[in-house]
Amino acid sequence: MSNVPKPDAATLLDIYRRMALIKQNDERSLKVVKTGKLVMVYYSPRGQEVIPAAISVNLTDEDYVCTIYRGIHDVLAKGFPLRDLWAELAGRTTGSCKGKGGAMHLTYPAKGVMVTTGIVGSSMPIANGLAWAAQLSGSNRVTIANFGDGAANIGAFHEALNLASLWKLPVVFVCQNNLYAEHTTFANSTAVEKISARAAGYNMPGYTVDGNDPDEMYGIAKIAIDRARAGEGPTLIEAMTYRFNGHLLGDDGGYMDQAEKAAAIVNDPVPRLRARLIAEGFATEAALSAIEAQIEADLDDAVEFALGSPYPELVEMKRDVYATEIA
Ligand SMILES: Cc1ncc(C[n+]2csc(CCOP(=O)(O)OP(=O)(O)O)c2C)c(N)n1
Ligand SMILES: [Mg+2]
């Protein structure tokens with residue numbers, strides 16, 4: 001497409017900052033879990049950094065994002081504060097959900113992070129509800145619904161796309177196609193070559209983009225977000241990417257095509273964008289190192305804060321569950 005908007009130098013740098021945060025947060029997560037001081041179920045987003053980084057630079061805090069268990073990249077790119085995040089991961093009272101949600105249910109409404117769900121396919125109908133509320137209240141808020149390639153074979157995907165199109169809801173459906181659903185390859189589970197082709201069945205635009213290319217991802221996300229904001233309805237974006245690790249921490253991914261995986265890692269989008277920013281004169285090595293050092297310092301602070309915070313009292317189990325508190 002020739003009329004796809006391109007990110008300027010400042011926007012590309014902003015995209016890189018968010019990607020570096022996701023990568024460094026991932027590395028820190030593995031490190032802290034290995035110390036035994038923090039126990040969590042962890043679905044690494046490594047390899048998928050570009051997608052939320054290039055989407056989020058087109059959003060404000062007012063805009064909403066819904067995501068899945070593999071969604072820590074989506075919430076970080078949207079601005080989830082690190083202390084609240086790490087305390088939640090560690091199950092402490094200072095976490096964003098008072099330590100009661102944990103890694104699978106990251107939520108931070110002040111930054112528009114509305115839901116992290118473990119039910120495959122469920123981010124889409126929830127996103128429709130949020131988008132419908134925005135439409136009814138006359139706000140120009142946009143909702144992003146993230147999900148995986150496996151989720152595109154769940155009934156809720158089809159129901160949500162149909163209703164969103166019929167009611168012209170301000171939602172962007174973002175399928176992060178990392179070519180695996182748990183241990184099953186995309187080719188072994190999906191009848192179409194491109195998930196974006198399914199958009200035609202619901203009378204909405206559908207695009208397949210290189211989700212590891214910041215220019216392409218930014219441009220198509222901007223088109224879809226602008227369209228939603230203008231009241232013209234939803235878009236389906238299929239962002240092609242790759243899962244660098246097994247399904248979750250502890251799965252060594254031995255069933256994955258090892259040559260394909262090695263090739264994806266060689267093309268790691270994070271160092272690739274870093275090198276490009278320097279080559280094109282958009283940033284100096286020193287400036288990027290300073291950004292990365294600040295992220296490390298912020299992570300040091302967040303981990304220390306989280307591990308130093310108290311666990312919830314037992315009585316908290318019943319709190320925030322029912323409208324009337326049960327003694
Ligand atoms: C309704 C439902 N069915 C099955 C599962 C088990 N499950 C958890 S993750 C997953 C794979 C989903 O893959 P995909 O949508 O491609 O997302 P990815 O993990 O690759 O990001 C499955 C089947 C579930 N959590 N919910
Ligand atoms: Mg997948």
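Residues of region 217-249 being under 20 Å from Ile22 (Cα atoms) and within 17 Å of the chain's Cα centre (by Cα), which ones?
Here is the first cut: in region 217-249, the ones under 20 Å from Ile22 (Cα atoms) are 217-218, 221, 239-249.
Result: Met217, Tyr218, Ala221, Ala239, Met240, Thr241, Tyr242, Arg243, Phe244, Asn245, His247, Leu248.
Right, Leu21: out of contact with any helix residue (DSSP H, G or I) (no Cβ under 6 Å at 6 or more places or on another chain), touching a residue at least 12 places away in the same chain (Cβ under 8 Å), within 20 Å of Ala297 (Cβ to Cβ) and part of a helix (DSSP H, G or I) or not? Taking the combined requirement at face value, the residue does not satisfy it.
Would you pick out the residues in region 56-67 that are in contact with a strand residue (DSSP E or B) (Cβ under 6 Å, 6 or more places away or on another chain) and either over 11 Å from Val174 (Cβ atoms) or of a type in the set (A, V, I, L, M) (or both)?
The answer is Tyr64, Val65.
Restricting to region 48-85, what's the tally of residues that are assigned to a loop (DSSP other than H, G, I, E, B) and more than 16 Å from ligand 2 (Cβ to nearest atom)? Working first, answer last.
Of region 48-85, the ones assigned to a loop (DSSP other than H, G, I, E, B) are 48-49, 57-63, 69-71, 78-81.
Pick out the ones that are also more than 16 Å from ligand 2 (Cβ to nearest atom) and you get 57-63, 78-81.
Here the count works out to 11.
Considering region 194-224, and only residues there that are charged (D, E, K, R) and within 16 Å of ligand 1 (Cβ to nearest atom), the residue that is nearest to Tyr42 (Cα to Cα) turns out to be Lys194.
Select from region 56-78 the residues that are of a type in the set (S, T, N, Q) and farther than 15 Å from Leu130 by Cβ and write down the one among them that is farthest from ligand 1 (Cβ to nearest atom). Spell out how you get there, then give the answer.
We begin by selecting, within region 56-78, every residue of a type in the set (S, T, N, Q); these are 56, 58, 60, 67.
Add one more test, that the residue is farther than 15 Å from Leu130 by Cβ, and what stays is 56, 58.
Values: Ser56: 18, Asn58: 22 Å.
This residue is Asn58.
Okay, residues lined up against (1) within 16 Å of ligand 2 (Cβ to nearest atom); (2) surrounded by fewer than 20 Cβ atoms within 10 Å (Cβ to Cβ); (3) over 16 Å from the mean Cα position of the chain (by Cα); (4) not in a helix (DSSP H, G or I):
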residue: Thr93; (1), (2), (3), (4): no, yes, yes, yes
residue: Cys97; (1), (2), (3), (4): no, yes, yes, yes
residue: Val120; (1), (2), (3), (4): yes, yes, no, yes
residue: Asn128; (1), (2), (3), (4): no, no, yes, no
residue: Ser139; (1), (2), (3), (4): no, yes, yes, yes
residue: Ile144; (1), (2), (3), (4): no, no, no, yes
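Of (1) out of contact with any Asp or Glu (no Cβ under 9 Å at 6 or more places or on another chain); (2) outside any strand (DSSP E or B); (3) under 21 Å from Ile68 (Cα atoms); (4) β-branched (Val, Ile, Thr), Thr190 satisfies all except one. Which? It fails just one condition, (1). Filtered by the rule that a residue be more than 12 Å from Thr143 (Cβ to Cβ) and of a type outside the set (Asp, Glu), region 58-77 gives Asn58, Thr60, Ile68, Tyr69, Arg70, Gly71, Ile72, His73, Val75, Leu76, Ala77. Taken across region 153-173, residues that are touching a strand residue (DSSP E or B) at 6+ places or on another chain (Cβ under 8 Å) and closer than 15 Å to Asp74 by Cα do occur, with at least one present.
Condition first: of a type in the set (Asp, Glu) and more than 21 Å from the chain's Cα centre (by Cα). Now tell me which residues in region 250-306 satisfy that. Can you show your working first?
Of the residues in region 250-306, the ones of a type in the set (Asp, Glu) are 251-252, 257, 260, 268, 280, 285, 292, 296, 298, 300-301, 304.
If the condition is that a residue be of a type in the set (Asp, Glu) and more than 21 Å from the chain's Cα centre (by Cα), then Asp252, Asp257, Glu260, Glu280, Glu285, Asp300, Asp301, Glu304 are the ones that fit.
Kindly indicate the residue of region 193-221 that is part of a loop (DSSP other than H, G, I, E, B) and within 20 Å of Asn146 (Cβ to Cβ) and also nearest to ligand 2 (Cβ to nearest atom) among those meeting that condition.
Across region 193-221, the extreme among qualifying residues is Gly211.
Is there a residue being among the small types (Gly, Ala, Ser), crowded, with 24+ Cβ neighbours inside 10 Å, modelled with pLDDT of 95 or more and within 23 Å of Met124 (Cα to Cα) anywhere in region 26-44?
In the first step, residues of region 26-44 are kept if they are among the small types (Gly, Ala, Ser); the result is 29, 36, 44.
Retained after the next criterion (residues that are crowded, with 24+ Cβ neighbours inside 10 Å): none.
Checked against the condition, which is being among the small types (Gly, Ala, Ser), crowded, with 24+ Cβ neighbours inside 10 Å, modelled with pLDDT of 95 or more and within 23 Å of Met124 (Cα to Cα), region 26-44 yields no hits at all.
Being surrounded by fewer than 24 Cβ atoms within 10 Å (Cβ to Cβ), within 11 Å of ligand 1 (Cβ to nearest atom) and either hydrophobic (A, V, I, L, M, F, W, C) or at pLDDT below 95 (or both) narrows it down to one of Ala133, Ala156, so name that one. It is Ala156. Could you list all residues from region 236-279 that are part of a loop (DSSP other than H, G, I, E, B), away from ligand 1 (no atom under 16 Å from the Cβ) and touching a residue at least 60 places away in the same chain (Cβ under 8 Å)? Scanning region 236-279 gives a single hit, Asp268.
Report, by residue number, each residue of region 190-223 that is hydroxyl-bearing (Ser, Thr, Tyr) and free of Cβ contacts under 8 Å to residues at least 40 places away in the same chain.
First, the residues of region 190-223 that are hydroxyl-bearing (Ser, Thr, Tyr): 190, 196, 202, 207-208, 218.
Selection gives Tyr207, Thr208.
Any idea which residue in region 104-118 is farthest from ligand 1 (Cβ to nearest atom), counting only those that are closer than 11 Å to Gly71 by Cα and outside any loop (DSSP other than H, G, I, E, B)? Filtering region 104-118 for residues that are closer than 11 Å to Gly71 by Cα and outside any loop (DSSP other than H, G, I, E, B), the one farthest from ligand 1 (Cβ to nearest atom) comes out as Val113.
The values are calculated or read from the model by the stated rules, or taken from the named source; none is laboratory data. Given the structure is predicted, the values throughout are model-derived calculations rather than measurements. All Cβ positions, even for glycine, are placed from backbone atoms using ideal geometry, and neighbour counts span all protein chains on display.
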